[in-house]
1. What's the center-to-center distance, using Cα atoms, between region 5-19 and region 50-66 in Å?
2. Identify, among Leu31, Ala11, Val63, the residue whose Cα sits farthest towards the positive end of the charge dipole of region 2-67, taking +1 on the Cβ of Lys and Arg and -1 on the Cβ of Asp and Glu, with the dipole about the Cα centre.
3. Provide the gained length on full extension for the span Phe62 to Ala11, in nm with one decimal, where the gain is 0.36 nm per separating residue minus the Cα-Cα distance.
4. Please identify the chymotrypsin sites (Phe, Trp or Tyr not before Pro) of the chain that satisfy two criteria: DSSP loop assignment and at most 16 other Cβ atoms within 10 Å. Which are they?
5. Can you list the HN-Hα couplings for region 31-39, worked out from phi with the Karplus curve (6.51, -1.76, 1.60; θ = phi - 60°), rounded to whole Hz and with x for Gly and Pro?
6. In degrees from 0 to 90, rounded to the nearest 10, what is the angle of the helix 2-12 Cα long axis to the longest principal axis of the chain?
7. Relative to the Cα centre, what is the charge dipole magnitude of the chain, using +1 at the beta carbon of each Lys and Arg, -1 at the beta carbon of each Asp and Glu, and rounding to the nearest 20 debye?
8. Quick one: which residues, 5+ away or cross-chain, put their amide H under 5 Å from the amide H of Ser16? H built at 1.01 Å from N.
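Derivation of every value follows stated rules applied to the coordinates shown; laboratory data play no part. Quantities reported herein were computed from a predicted structural model and do not represent experimental measurements. Cβ: placed from backbone, ideal geometry, glycine included. Neighbour counts: every protein chain shown.
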Amino acid sequence: MFSRTLRAELARRIGSRVLLVTDNYEGEGTLMSISGNLISLNEATGYGETALVNLSVDELNFVRILSATV
């Protein structure tokens, strides 16, 4: 039940800067998409370079919205 609510909220936040944390990962970047149980994050790796990271909603420990799009 909670994962459905989280997926819906994240879908509303596509394009926003977020911080995603799992047991083995902590990354900040732009939320690119959410499809089913998969989240795509365009992670800022520094010096203008980015990396696309895919995470399962079930892996998340917490999400912080850093800046929202209008």
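1. Each part's Cα centre sits 10 Å from the other's.
2. The listed residue farthest towards the positive side: Ala11.
3. Working: separation 51, 0.36 × 51 = 18.36 nm, distance 1.56 nm.
Stretched fully, the Phe62-Ala11 segment lengthens by 16.8 nm.
4. Values: sites: Phe2, Tyr25, Tyr47, Phe62; in loops: Tyr25, Tyr47.
Sites meeting the loop and neighbour criteria: Tyr25, Tyr47.
5. Once rounded to whole Hz, the list reads 6, 8, 6, 9, 9, x, 9, 10, 10.
6. Result, in degrees: 50.
7. Values: 6 positive and 8 negative charges, 81 e Å.
In total the dipole reaches around 380 debye.
8. Answer set, sorted by chain and number: Leu31, Thr69.
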